[in-house]
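Some notes on the structure that comes next.
Any read-out appearing in this document is the output of simple, stated calculations on the displayed coordinates, not a laboratory observation. Please read all numbers here as calculations on a predicted model, not as lab measurements. Note: ideal-geometry Cβ built from the backbone for every residue, glycine included; neighbour counts use all protein chains shown.
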Amino acid sequence: MLCFETCSVDAEPAARLLQAMREEIAALYEGLDLDGARMPKAGPVEMGPPGGTFIVGFDDEGAAVCCGGVKRLSGDACEIKRMFVVEAARGRGLARELLVELERRARELGYGVVRLDTGPRQPRSQRMYERAGYVAIENFNGNPMASYFGEKRLR
């Protein structure tokens, strides 16, 4: 079971986890820069108060093993961004636990709808989202690399 703490995306250990995620995505998608001009924004402003949040998950030994955030979209909709689990901790259901916590935090922030996306080289992520109740929708955020866009009602 993970212990989750709120953390700014530019503070440790979130910054280290996000750098590892950027490196993994760049390798998976041939040099893709998640912070590039054509990509949806997901920095400290977007994933900070009052409309957003960013969390880090710690394992039983106190190691930071995952992270993710919530970003305001419009109305009562938000987007889950920057979900990442370190490679050494994968295969234990931590991504699912992280997703549940992000949805809980989105509810606490007052959102009734949560959206997310993932790319064509991440089929396991898409399957996890579909199993968690996300349904495919049209491209809602202009992400040029994503191939799956999902939505889930929180209430």
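May I ask you to sort S74, S125 by Cβ crowding, counting other Cβ atoms within 10 Å and putting the fewest first? Could you put the intermediate results ahead of the total?
Working: S74 8, S125 18.
Least to most surrounded, the residues fall as S74, S125.
So what is the relative contact order for segment 63-149, in percent, with contacts set as C-alpha pairs under 8 Å and at least six apart?
Values: 102 pairs, mean separation 22.3, N = 87.
Result for segment 63-149 is 26 percent.
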Between E61, E46, E12, find the one with the highest GNM mean-square fluctuation for the chain; connect C-alpha pairs within less than 10 Å.
E61
Any idea how far apart A37 and A77 come out in nm if each label point goes 7 Å out from Cα toward Cβ?
2.6 nm
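Counting only DSSP beta bridges with both residues in the chain, tell me the antiparallel percent, nearest 5.
Numbers: 24 of 27 bridges.
Around 90 percent antiparallel, to the nearest 5.
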Compute the length gained on full extension between E130 and M1: take 0.36 nm times their separation in residues and subtract their Cα-Cα distance, giving the result in nm to one decimal.
44.2 nm
Can you give the calculated 222 nm mean residue ellipticity of the chain, where each DSSP H run of n ≥ 4 adds -39,500 (n - 2.57) and the sum is split over every residue, rounded to the nearest 500 deg cm²/dmol?
-8000 deg cm²/dmol
Can you sort E5, E108 so the residue with the fewest Cβ neighbours within 10 Å comes first?
E108, E5
Among A27, A15, A37, which one shows the biggest mean-square fluctuation in a GNM of the chain, springs joining Cα atoms closer than 10 Å?
A37
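Rg to Rh ratio, segment 3-153, alpha-carbon atoms and Kirkwood radius? Walk me through the numbers on the way to the answer.
Values: Rg = 14.1 Å, Rh = 15.4 Å.
So for segment 3-153, dividing Rg by the Kirkwood Rh gives 0.92.
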Kindly put M1, M21, M39 in sequence by how many other C-beta atoms sit within 10 Å of each C-beta, fewest to most.
M1, M39, M21
May I ask you to evaluate 6.51 cos²θ - 1.76 cosθ + 1.60, the Karplus curve with θ = phi - 60°, for each residue of segment 39-52 and list the ³J(HN,Hα) values in order in whole Hz, giving x for glycine and proline?
8, x, 6, 7, x, x, 6, 5, 10, x, x, x, x, x
Report the residue, chosen from G119, G75, G93, that carries the largest GNM mean-square fluctuation when the chain is represented by alpha-carbon nodes joined by springs under 10 Å.
G75
Over segment 3-153, calculate the relative contact order: mean separation of alpha carbon pairs under 8 Å at least 6 apart, over the residue count, as a percent.
20 percent
Distance between Cα centroids, segment 73-137 to segment 1-69: provide it in whole Å.
13 Å
